[in-house]
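One structure below.
The values are calculated or read from the model by the stated rules, or taken from the named source; none is laboratory data. Given the structure is predicted, the values throughout are model-derived calculations rather than measurements. Using ideal geometry, Cβ is built from the backbone for each residue, glycine included, and neighbour counts are taken over all protein chains shown.
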Amino acid sequence: MAIPPHDPADGADPAPAGAQALDSDAPDATPSVPPLAIASDHDQAGAPIHRGWAPVGSRHRWMEPFVLAMLAGGAAHGYAIVGELAQLGITTGSVDVGQVYRTLRDLEEAGQVRSVWVTGTGPARRDYELTETGAAALDEWAAVMKERARLVAEFDARYLEWLTDRSR
């Protein structure tokens, strides 16, 4: 099913991946529409495809694909994820630990990760792992990131062409 791209001009952000609209008239507040997908469509083989920059979302939306990708390598606790994000240099300053944990909580509420408390040596900690739903979301994020990389490469090529023409 194709999902129309989000138009930032309409002022409304789409719901996060896995979010569902609730029918307020329903006595049990059951979801009235299916969850929004990250990718805009799927190709004939079922691989997610995406055009443009949509979807836009909350302040930590950009962190979601990185956290999912890190958890694809195996279960990890929050501070290990913070350390990996810092090594990637995804921010000019230090990684906001609270933002990472908010993202993990949101991903867990969406069913994309699950967590368990681990005890043993040292203080108890919560380990997070990717779920099947999270793996599907990671596939869709890969389509989004590939499209973004294509757009950045297109911009770079045009910019370099302009610089070359300008210097003549």
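Please go through segment 107-124 and pick out each residue that is surrounded by fewer than 16 Cβ atoms within 10 Å (Cβ to Cβ), of a type in the set (Gly, Ala, Ser) and touching a residue at least 24 places away in the same chain (Cβ under 8 Å). Scanning segment 107-124 gives a single hit, GLY111.
In segment 122-168, what count of residues is obtained for those that are of a type in the set (S, T, N, Q) and more than 30 Å from ILE81 (Cβ to Cβ)? Steps first, please.
Step one: filter segment 122-168 for residues of a type in the set (S, T, N, Q), giving 131, 133, 164, 167.
Narrowing the set further to residues that are more than 30 Å from ILE81 (Cβ to Cβ) leaves 164, 167.
The qualifying residues number 2.
Can you give me the number of residues within segment 40-66 that are of a type outside the set (Gly, Ala, Ser), more than 13 Å from ALA135 (Cβ to Cβ) and modelled with pLDDT of 75 or more?
Looking only at segment 40-66, we keep the residues that are of a type outside the set (Gly, Ala, Ser), and these are 41-44, 48-51, 53, 55-56, 59-66.
Restricting the remaining residues to those that are more than 13 Å from ALA135 (Cβ to Cβ) gives 41-44, 49-51, 53, 55-56, 59-64, 66.
Filter again for modelled with pLDDT of 75 or more, leaving 44, 62-64, 66.
Adding up the residues that qualify gives 5.
Scanning segment 85-119 for residues that are over 20 Å from ALA72 (Cα atoms) and assigned to a strand (DSSP E or B) yields no hits at all.
Determine whether GLU140 is within 18 Å of the chain's Cα centre (by Cα) and of a type in the set (D, E, K, R). Steps first, please.
Details: within 18 Å of the chain's Cα centre (by Cα): yes; of a type in the set (D, E, K, R): yes.
Yes.
When you scan segment 140-161, do you find a residue that is without any contact (Cβ under 8 Å) to a residue 12 or more places away in the chain, closer than 16 Å to PHE66 by Cα and surrounded by fewer than 16 Cβ atoms within 10 Å (Cβ to Cβ), even just one? Yes, some residue in segment 140-161 is without any contact (Cβ under 8 Å) to a residue 12 or more places away in the chain, closer than 16 Å to PHE66 by Cα and surrounded by fewer than 16 Cβ atoms within 10 Å (Cβ to Cβ).
Annotation note: of SER167, SER94, the sole residue that is over 24 Å from the mean Cα position of the chain (by Cα) and exposed (fewer than 15 other Cβ atoms within 10 Å of the Cβ) is SER167.
Looking only at residues in segment 60-91 that are of a type in the set (A, V, I, L, M), without any contact (Cβ under 8 Å) to a residue 24 or more places away in the chain and more than 17 Å from ARG125 (Cα to Cα), which one is surrounded by the most Cβ atoms within 10 Å (Cβ to Cβ)? Lay out the reasoning, then the answer.
Within segment 60-91, the first condition is being of a type in the set (A, V, I, L, M), and the residues that meet it are 63, 67-72, 75-76, 80-82, 85-86, 88, 90.
Now narrow it down to the ones that are without any contact (Cβ under 8 Å) to a residue 24 or more places away in the chain: 70, 80, 82, 85-86, 88.
So of that shortlist, the ones also more than 17 Å from ARG125 (Cα to Cα) come out as 70, 85-86, 88.
On the way: MET70: 18, LEU85: 22, ALA86: 13, LEU88: 12.
Of everything passing the filter in segment 60-91, LEU85 is surrounded by the most Cβ atoms within 10 Å (Cβ to Cβ).
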